[in-house]
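K.L.:
One structure follows; several queries about it will come next.
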Amino acid sequence: MGWLSKVRSTIHKDKSNQESAGEANHVEITQVDELAVAVVDTEEQIQTDTTTKEDKEDKKAKKSKKTKKERKDEKESEELELDASFDQEPVDETKPLMIVSGVERSFQVGSQKLNVLKGINMTLYPKQLIMLRGRSGSGKTTLLNILGGLDQPTEGEVLFRDHPFHLWNDDQRTEVRRREIGYIFQTFALMPLLSAYENVELGLRMAGVPRHLWKHRVRHCLQLVGLEKRMHHRPFEMSGGEQQRVAIAKAIVHRPNLLLADEPTADLDSQMSAQIMSVFRSIIDTEKVTICMTTHDPTILEVADHVLEMVDGKFIKQI
Ligand SMILES: Nc1ncnc2c1ncn2[C@@H]1O[C@H](COP(=O)(O)OP(=O)(O)OP(=O)(O)O)[C@@H](O)[C@H]1O
Ligand SMILES: [Mg+2]
């Protein structure tokens, strides 16, 4: 079976698993939907296993008589092209990345109105690590979905880099999300039959980055999470912590400004959780990303720049 077929059958399986999980997490379903669209969009282009082809080209290039300087120049120009291809305004570190004002979210359940978020105010700046904590059911995931443009508030405003998410339709929010926001889930959400490299590559495919730029960026991101030696392993050949690091590489490969993580360490032991937190700290500096995550784990809170405690749909302390 070709790898595209593997992706398709995995998408199918993942979707039906999630849909049958009762309280289906719609963040993951949306992600799988986006992936399905990306795979179908690019179906025409993928006739061969690109990884093997590119590996061969790379070996050929190495054998050719290029000088060290020529190779360095080539790498630099590739990096410039990569920067340009992401087509993003540079982030001004002194300006807020996201401003959330008076956000409320209620759900109609039968004849009852359930008020889940009851007036959230927060401001996120570039290169921050923010943790949301609170009891189960307090509204953390609901808020994360709104920050990522997956859901909209019933009341209030959400400005992401001056984009009014609360006013925009699904298509407009999806466009910004694909280019500027990354997601990490408790359950890693990797394609089980694809290698670490192929899983990360999907992030670039979805963001529409030209394919000749993929290889360098994928390798770079796997290096950032310390997995360059595991790039050909498939998820079941890796530990939980390693799988979560692949998921991080995949989530940052398209250079998002905001990374949202819903309980990314919940399935990991304390040593692996500490590794994930150290990867988070280092990508905040190297990739200039802001991370907003939820957690129940008191041992990792000290790594955060700010901890926001949510009680019954409100923050006790706001930033
Ligand atoms: N689509 C929905 N329809 C109705 N109720 C919903 C919906 N989404 C969330 N809720 C309700 O909103 C409340 C908050 O849910 P949420 O998932 O945000 O909590 P949480 O803080 O993330 O909890 P946990 O720590 O268990 O993940 C819950 O009572 C939940 O049942
Ligand atoms: Mg939750």
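The values are calculated or read from the model by the stated rules, or taken from the named source; none is laboratory data. If you're wondering where the values come from, they're calculated on a predicted model, not measured in any experiment. All Cβ positions, glycine included, derive from the backbone under ideal geometry; neighbour counts span all protein chains shown.
K.L.:
So the check is Cβ under 8 Å with 6+ separation or different chains; which pairs have a first residue in the stretch 250-272 that's among the β-branched types (V, I, T) and a second one that's surrounded by 19 or more Cβ atoms within 10 Å (Cβ to Cβ) and part of a strand (DSSP E or B)?
P.N.:
I252/G182; I252/L259; T265/T295
K.L.:
If you scan the stretch 275-299, which residues turn out to be away from ligand 2 (no atom under 16 Å from the Cβ) and hydrophobic (A, V, I, L, M, F, W, C)?
P.N.:
Hits for the stretch 275-299 are I276, M277, V279, F280, I283, I284, V289, I291.
K.L.:
Between a residue in the stretch 163-181 that is acidic (D, E) and any residue that is crowded, with 20+ Cβ neighbours inside 10 Å, which pairs come within a Cβ distance under 8 Å, given they are 6 or more apart or on different chains?
P.N.:
E180/F160; E180/P256; E180/N257; E180/L258
K.L.:
While we're looking at this one, here's another question. List every residue pair whose Cβ atoms sit under 7 Å apart, with the two residues 6 or more apart in sequence or on different chains, where the first one lies in the stretch 123-144 and is over 22 Å from F280 (Cα atoms) and the second, anywhere, is in a loop (DSSP other than H, G, I, E, B) and more than 9 Å from ligand 2 (Cβ to nearest atom).
P.N.:
Final answer for the pair search is S138/D312; S138/G313; G139/G313.
K.L.:
Related question: Restricting to the stretch 129-164, what's the tally of residues that are away from ligand 2 (no atom under 16 Å from the Cβ) and touching a Lys or Arg at 6+ places or on another chain (Cβ under 6 Å)?
P.N.:
Summing the residues that are away from ligand 2 (no atom under 16 Å from the Cβ) and touching a Lys or Arg at 6+ places or on another chain (Cβ under 6 Å) in the stretch 129-164 gives 3.
K.L.:
In the list T187, T142, T94, which residue meets the criterion of being within 16 Å of ligand 1 (Cβ to nearest atom) and part of a loop (DSSP other than H, G, I, E, B)?
P.N.:
After ruling out the rest, the residue left standing is T187.
K.L.:
Let me ask you something else. Take I146 and tell me if it is crowded, with 20+ Cβ neighbours inside 10 Å and more than 14 Å from the chain's Cα centre (by Cα).
P.N.:
It is true that I146 is crowded, with 20+ Cβ neighbours inside 10 Å and more than 14 Å from the chain's Cα centre (by Cα).
K.L.:
Mind listing whichever residues of the stretch 300-319 are among the aliphatic types (A, V, I, L, M), within 15 Å of ligand 2 (Cβ to nearest atom) and surrounded by fewer than 17 Cβ atoms within 10 Å (Cβ to Cβ)? So that I can check it myself, show each step before the final result.
P.N.:
Let us first name the residues in the stretch 300-319 that are among the aliphatic types (A, V, I, L, M), namely 300-301, 303-304, 307-308, 310-311, 316, 319.
Filter again for within 15 Å of ligand 2 (Cβ to nearest atom), leaving 308, 310-311.
V311 - this is the single residue of the stretch 300-319 that is among the aliphatic types (A, V, I, L, M), within 15 Å of ligand 2 (Cβ to nearest atom) and surrounded by fewer than 17 Cβ atoms within 10 Å (Cβ to Cβ).
Rundown of residues vs (1) crowded, with 16+ Cβ neighbours inside 10 Å; (2) aromatic (F, W, Y); (3) not in a strand (DSSP E or B), yes/no style:
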| position | (1), (2), (3) |
| --- | --- |
| A249 | yes, no, yes |
| P256 | yes, no, yes |
| L260 | yes, no, no |
| A266 | no, no, yes |
| Q271 | no, no, yes |
| M277 | yes, no, yes |
| F280 | yes, yes, yes |
| I284 | yes, no, yes |
| C292 | yes, no, no |
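K.L.:
Would you confirm whether any residue within the stretch 228-244 is within 16 Å of ligand 2 (Cβ to nearest atom) and either in contact with a Gly (Cβ under 7 Å, 6 or more places away or on another chain) or under 22 Å from A207 (Cα atoms) (or both)?
P.N.:
For the stretch 228-244, residues within 16 Å of ligand 2 (Cβ to nearest atom) and either in contact with a Gly (Cβ under 7 Å, 6 or more places away or on another chain) or under 22 Å from A207 (Cα atoms) (or both): absent.
K.L.:
For the stretch 167-189, which residues satisfy the criterion of being over 18 Å from L202 (Cα atoms) and either modelled with pLDDT under 90 or buried (at least 21 other Cβ atoms within 10 Å of the Cβ) (or both)? Even if it seems obvious, please write down each step before you answer.
P.N.:
Taking the stretch 167-189 as the starting set, the residues that turn out to be over 18 Å from L202 (Cα atoms) are 167-173, 186.
Within the stretch 167-189, R173, Q186 qualify.
K.L.:
Still on this structure, I have one more. Across the stretch 205-236, which residue is surrounded by the most Cβ atoms within 10 Å (Cβ to Cβ) among those that are under 14 Å from H254 (Cβ atoms) and basic (K, R)?
P.N.:
Among those residues, the one meeting the criterion is R217.
K.L.:
Out of the residues in the stretch 106-139 meeting the condition of being more than 8 Å from ligand 1 (Cβ to nearest atom) and outside any strand (DSSP E or B), tell me which one is farthest from T265 (Cα to Cα).
P.N.:
The selected residue is S111.
K.L.:
Hey, any hits in the stretch 306-314 for a residue that's small (G, A, S), farther than 19 Å from R219 by Cα and not in a strand (DSSP E or B)?
P.N.:
Looking for residues that are small (G, A, S), farther than 19 Å from R219 by Cα and not in a strand (DSSP E or B), one finds at least one in the stretch 306-314, hence yes.
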